[in-house]
Protein chains: 2
Amino acid sequence: MALYVQKFGGTSVGSVERIMAVAERVRKFRENGDDVVVVVSAMSGETNRLIGLASEINDEPSPRELDMLVSTGEQVTIALLAMALQKLGIPATSYTGAQVGIFTDSAHTKARIQRIETDEMREDLNAGRVVVVAGFQGVDEEGNITTLGRGGSDTTGVALAAALKADECQIYTDVDGVYTTDPRVCSKAQRLDSITVEEMLELASLGSKVLQIRAVEFAGKYNVPLRVLSSFEDGGPGTLIVADSDQDEDSMEEPLISGIAFTANEAKLTLLNTPDVPGVAGRILGPIADANIEVDMIVQNVAPAGDYTDFTFTVAKGDYKQTRKILEETVIPDLGGGELRGDDSIVKVSLVGVGMRSHAGIASKMFRVLAQENINIRMVSTSEIKISVVIDEKHLELAVRALHTAFGLDKPSEDD
Amino acid sequence: MALYVQKFGGTSVGSVERIMAVAERVRKFRENGDDVVVVVSAMSGETNRLIGLASEINDEPSPRELDMLVSTGEQVTIALLAMALQKLGIPATSYTGAQVGIFTDSAHTKARIQRIETDEMREDLNAGRVVVVAGFQGVDEEGNITTLGRGGSDTTGVALAAALKADECQIYTDVDGVYTTDPRVCSKAQRLDSITVEEMLELASLGSKVLQIRAVEFAGKYNVPLRVLSSFEDGGPGTLIVADSDQDEDSMEEPLISGIAFTANEAKLTLLNTPDVPGVAGRILGPIADANIEVDMIVQNVAPAGDYTDFTFTVAKGDYKQTRKILEETVIPDLGGGELRGDDSIVKVSLVGVGMRSHAGIASKMFRVLAQENINIRMVSTSEIKISVVIDEKHLELAVRALHTAFGLDKPSEDD
């Protein structure tokens, strides 16, 4: 007998049939004697429909009213799911974020959870009821409805699991787990049985968007066992995301690399021959940050003579043109020189794995594999558990597949 | 400078364009220096859409979850209207029933308002803000969302006006006021400038469904000046519904009759030659009430000899067949005799007016007018301010027009 917090996203509750399927799934856990708290998102498409209505009325709607509006999406789902459970003879009660007591700060549309009241949920669970909670939303101390921002339902699930000290937080989604890389790019990709929080964070931020990054951070911080699994297929174990300390670092069986992430959504900009004045990096990136443009990778080389510097960084593809403009009109005049190069036909490929901490030679092996395939590396950056390279867009699939094989991630072939 | 509570129903907020039109209307009052609290319903069609979703999942959804579900309808509208007002530069804040503090009992789907907290609304009004409140909904003392039942937004409007001691509660709808009768049946029908609460109650319950009956009762009880007016046309004065005491009963100018209501939704059943045993009426109507069938008019005649009774009553047309069956299978055997007659091709026509209290002869004039048109009266019932007759369906238009002219309700012709 365990306590599970189960979160179902928008496609998993996207229709009356899907909602009934969720109820059936919950029933199995109840029949097994487990207690269940269910967190649901808005039915797929609903949030966009509501935001569409708002934008027809006011192109800059007040964040408070936007939260008031979109929070109805999950409220519809919790009521329907409670009805579906009741139809199956399972006692269930639904709660909005405000009702269940998910208190947040007042940062509308991107609120942060401050505390969660668990008394009412505990009472329901003790009475044999399934508790159905609206994800993504909360309430501030003044009683205003807030939302946690898009994808925040994952965070709700993990936060409830932490507050209730649940045995596991299960995130049901449209994939059956976390993969070594995107199966659409590399057919040999395989599902990971487990992955550390840190690895998951690197994979998530790099494009394997299975889970919302805040939810993973939360799970790590509060030591919540987190499992990603499919709401469409039955019975798969999914992928368990574990705190780093649970990992047996001495095990020779552990793979060095957990997965390969990539993103095609970046563009690269380089300032060549910039005068190497004090604080040059800040003077380049300051005006870009002022424009609310996020910078990802940064590489700086100082010329041997020491007078000039080459500075390269990446931004999201959508920010490429604006960034060029800022560099040309503000930064280069300010620095008194520099030659601008840009490229938005690039991709970033990253190896992720806690195993690489204790193993030298991962980077050199990565570079060697890419060289063998005649793939030029345009940029490199490294962290403790990640190595990222920027390469030409056209080499994406080739690079991912070659690295996937070279680092032993391929699933056994049917003949093995 | 006055305080208005303005209620807009589903068709008045049925689209983004209509919501903008409501905001424009509110702006005019604000520019005039008036304070405004706006109560809105769900966008037309939305409540039915939500109930449709529920019925696909559970044919007997729990009332609590049904309230959780349908209350999202108004929540969407309040957010959109607040955004529309803000777009026009008018500070506005939206509140759900729970947030604004409309406390009800726990009778889900038909809750009754217990108390209303006004502090927060007053604070907003004093700060120059328009307060936008979700109609139709409240919250019980345990924090469960409740609804007042269909049409309950009118009640919300009147209740807020009473709690805030507003100068007027304005109900905007798709007609421009209360008419002497249905203009579709009688082209000479005219809009009433004012009508008493009692008259309005009789007219509303008889089919002139401009306003929810509970809202009118509420207005009478708390002496709230209530005005019905069009949200589509501009500038019309509508119809003011006033407490009876405001009416100058001595005025010779006051018409005797305020309006003519009718309903074609009834069927008539008669038990002839029933043994006149003690409690016969209860023994006839008891089994019908047990089947949750509502009885409207009741007429009983005792035969001169005193041994037999003729008993006639009306029910809604949809209950006609079931009522026949109950009479045949339960009541007649129980009473030991009786002959059943039924007719579902009837209509009920009613004269309504507080003026008739002090004037004899209204009934005889009504019967004379109908006789002149060769209309047979099948049933009669009277109250202090109403006389209803049941006639054959085919005579409906003829009867309404003849009575409308005879009682001086026709609007002046263009030539006058």
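Points worth noting:
- Think of chain A as having a plus end and a minus end, set by charges on the Cβ of Lys, Arg, Asp and Glu; of A:Val315, A:Ser413, A:Thr382, A:Ser413 sits farthest toward the positive end of this dipole.
- Accessible-area composition of the stretch B:1-128, carbon plus sulfur, in percent [1.4 Å probe]: 47 percent
- Largest GNM mean-square fluctuation across A:Val369, A:Val133, A:Val352, computed for chain A with C-alpha springs under 10 Å, falls on A:Val369.
- The simple spin-label model puts a point 7 Å past each Cα toward its Cβ; for B:Asp234 and B:Glu120 those points are separated by 3.4 nm.
- Pseudo-label separations to other copies for A:Thr405 - Cα-to-Cβ vector, 7 Å, nm: 9.8
- Residues of the stretch A:39-77 that bury at least 40 Å² of accessible area when the other protein chains are present, relative to the chain alone (probe 1.4 Å, heavy atoms, ligands and nucleic acids excluded): A:Leu53, A:Ile57, A:Asn58, A:Arg64, A:Glu65, A:Met68, A:Leu69, A:Thr72, A:Gln75, A:Val76.
- Restraint check, A:Lys28/B:Lys110; A:Lys268/A:Lys386; A:Lys87/A:Lys165, Cα-Cα greater than 23 Å: A:Lys28/B:Lys110; A:Lys87/A:Lys165
- Förster radius 35 Å - calculated FRET efficiency between B:Asn48 and B:Asp193, Cβ distance, rounded to 0.05: 0.50
- Charged-residue dipole, Cβ positions (Lys, Arg, Asp, Glu), the protein assembly as shown about Cα centre, Debye nearest 20: 880 debye
- Relative contact order %, the stretch A:3-174, counting alpha carbon pairs below 8 Å whose residues are six or more apart: 30 percent
- Calculated FRET efficiency, A:Arg368 to A:Lys165, Cβ-Cβ distance, R0 = 51 Å: about 0.60 to the nearest 0.05.
- Helical content of the protein assembly as shown, expressed as a calculated mean residue ellipticity at 222 nm, amounts to -10000 deg cm²/dmol (DSSP H runs of 4 or more residues, -39,500 (n - 2.57) each, divided by residue number, nearest 500).
- Around the amide H of A:Asp34, modelled in the peptide plane, lie the amide H atoms of A:Ala2, all under 5 Å away and 5 or more residues distant in sequence or on another chain.
- For chain B, size of Cβ-based charge dipole, Lys and Arg +1, Asp and Glu -1, in debye: 480 debye
- Chain A shape via C-alpha gyration tensor axes, a/c threshold 1.5: oblate
- Projecting the Cα atoms of B:Leu229, A:Gly361, B:Gln190 onto the charge dipole of the protein assembly as shown (Cβ charges, centred on the Cα centre) puts B:Gln190 farthest toward the positive pole.
- Placing +1 on the Cβ of every Lys and Arg and -1 on the Cβ of every Asp and Glu, with nothing else charged, gives the stretch B:3-174 a dipole about its Cα centre of roughly 500 debye.
- A dipole drawn for the stretch B:82-158 from +1 and -1 charges on Cβ atoms has a positive end, and of B:Ala111, B:Leu85, B:Leu125 the residue lying farthest that way is B:Leu85.
- Over 30 Å apart at the Cα level, from the set B:Lys7/B:Lys394; B:Lys321/B:Lys394; A:Lys348/A:Lys411, are B:Lys7/B:Lys394.
- Among the GluC sites (Glu not before Pro) in the stretch A:114-177, those placed in a DSSP loop whose Cβ has at most 16 other Cβ atoms within 10 Å are A:Glu117, A:Glu141, A:Glu142.
- Distances between copies at A:Phe232, taken between label points 7 Å from Cα along the C-beta direction, are 4.6 nm in increasing order.
- Antiparallel bridge percentage (DSSP; both residues within chain A; nearest 5): 65 percent
- Minimum Cβ-to-axis distance in chain A for the rotation onto chain B, with residue, whole Å: A:Thr72, 2
- Pseudo-label separations to other copies for A:Ala360 - Cα-to-Cβ vector, 7 Å, nm: 12.1
- Computed accessible area, B:Lys411, all protein chains, 1.4 angstrom probe, square angstrom: 100 Å²
The values are calculated or read from the model by the stated rules, or taken from the named source; none is laboratory data. Here the structure is a predicted model, which is why all the values come from computation and not from measurement. Reconstructed Cβ throughout: ideal geometry from the backbone, glycine too, with neighbour counts over all protein chains shown. Just the protein is used for accessible areas: all its heavy atoms, side chains included, with ligands, DNA and RNA removed. Shrake-Rupley method; radii C 1.70, N 1.55, O 1.52, S 1.80 Å.
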